[in-house]
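Reviewing the structure listed below.
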Amino acid sequence: MMKSRRALPVTTTAVTIVILLSTILSAASGVDYPNPKNDANDISFYRPPARDRVYPAVPPRVRNVILLIGDGMGLSQVMLARMKAMGAQGKLNMQLLPVHGLIRTHSADKLVTDSAAAGTALACGIKTKNGMIGVAPDGTPYYTILEAAQAKGMATGLVATSTISHATPASFGAHVKSRKMEDTIAEHLIGNRINVLFGGGRKYFLPQSESKSGRKDDKDLLAEARDAGYAVIETANQLRWISGPRVLGLFHLDGMTTFAPEPMLAEMTKKAVSLLDETAADSRKYGRGFFLMVEGSQIDWACHANDAANCVRQTLLFDEAVREAVNFALADGRTLVVVTADHETGGLTIPDGDLDGDNIKVHWSTKGHSAAPVPVFAIGPRSELFGGVYDNTDIPQKIAQALGIKPFPQARQ
């Protein structure tokens, strides 16, 4: 009986701790991300920044880099989203960053680029032909800035709302002659041991024997990923609780819907940053910080459809991801954040509208891409490198300069 009475306080304390931990974990389970209705006109999820908010300058020492790419996001897309969200006097999170620039986007063979050539320029620092991924026009593969960061000892990650094997994310972790080779690209991404991979495109990781596969062979890349040490997840709830140095999150068979119950881009970004930061802090192998590329993939898709409402929604979803990246950078003090686009889509102009954002008229000149220059916004150590007007190939070269990586660009042996 004496033994039972002494054990009682310990049991009570343990129960109390479990209750407290459950309460804390429940509070941290993604409350910041409301589930939007399946309506492109619903932008109630967006939290405008305070009108008087100013992001401060940060000391010049780079440990981490977060590169955010709004696919198809030109100056007019940014302006339209800003007007619809808060009127002429407001600014998006990306517009609050202290360094602004413009980049040219032509490819090696066309004035109007596609996402493969533009992604290769942003990843490898070279011009290539439309449709080619991570290789020069003659087929020579070049190191990507992600691979160069890996070689430096940095943890790495890719986040997108398209398939993770789509042109832009593929450009940072694969080398193929055609963007259509998504099954091969998926192999390259796993083979490169990128620490965090979040997006859609699960069908390219399934063997062709499965009915929902997009592959042309019987390779089971999910099994290969698990064998390589990846935790493989498929739901937003799994995303919130997962940990570890390698995580593969494939939240849709094809491109993501960008609606609940899938995780939003901001939530994927926040989790990717957290995982990479923990990996870089705890691992001897990845002890030199992290590199993360985040793509708002579906601004482009909305603009191809000349869908102004969804263009606004996708741009604001992307700007929410920018907020997460910048909040981390401000708290960390050693993180460079660069926001840009691969090209403009739709030839969007805004010929008329009210200052409060009502009665906005839009005009589309194409359902394809245009040759218009696209914006650059930056904050953090060495962000001053990103001001001015320059070529898209300069973006990864400037990142390499900030990280002390040289030579770059560099052909793979």
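Miscellaneous remarks
- Taking 13 Å as the straight-line reach from the Cα of residue 406, the aspartates and glutamates in range (excluding those fewer than 8 positions away in the same chain) are 147.
- 25 Å Cα-Cα threshold exceeded, pairs from 110/177; 127/398; 212/271; 216/271: 212/271; 216/271
- Phi to ³J(HN,Hα) by Karplus 6.51 cos²θ - 1.76 cosθ + 1.60 over region 132-139, Hz, x for Gly, Pro: 8, 10, x, 9, 6, x, 8, x
- When peptides 246-257, 201-212 are ranked by their average number of other Cβ atoms within 10 Å per residue, the highest-first order is 246-257, 201-212.
- Summarising the amide proton neighbourhood of residue 68: residues at separation of 5 or more, or on other chains, whose placed amide H is nearer than 5 Å comprise 294, 338, 339, 340.
- Rounded to the nearest 20, the size of the Cβ-charge dipole of the chain about its Cα centre is 1320 debye, with Lys and Arg at +1 and Asp and Glu at -1.
- Our coupling estimate for region 380-388, obtained by passing each phi through the Karplus curve with A = 6.51, B = -1.76, C = 1.60 and θ = phi - 60°, is x, x, 6, 5, 4, 5, 9, x, x Hz, Gly and Pro reported as x.
- Close amide H contacts of residue 164 (hydrogens built in the peptide plane, cut-off under 5 Å, sequence separation of 5 or more or a different chain): 200, 201.
- Loop-located GluC sites (Glu not before Pro) in region 227-298 whose Cβ has at most 16 other Cβ within 10 Å (DSSP): 234
- Cleavage-rule hits (trypsin sites (Lys or Arg not before Pro)) in region 364-413: DSSP loop, at most 15 neighbouring Cβ within 10 angstrom: 367, 412
- A simple rule links phi to the HN-Hα coupling: the Karplus curve 6.51 cos²θ - 1.76 cosθ + 1.60 with θ = phi - 60°, which for region 399-413 gives 5, 4, 4, 5, 8, x, 8, 7, x, 7, x, 8, 6, 7, 7 Hz, with x for Gly and Pro.
- Shape class of region 69-139 from the alpha-carbon gyration tensor: prolate, with a/c at 1.5 or above and a/b greater than b/c.
Read-outs throughout are calculated quantities, based only on the coordinates presented, and are distinct from any laboratory measurement. Here the structure is a predicted model, which means the values were calculated and not measured. A quick note on method: Cβ atoms are made from the backbone with ideal geometry, for glycine too, and the neighbour counts reach across all protein chains shown.
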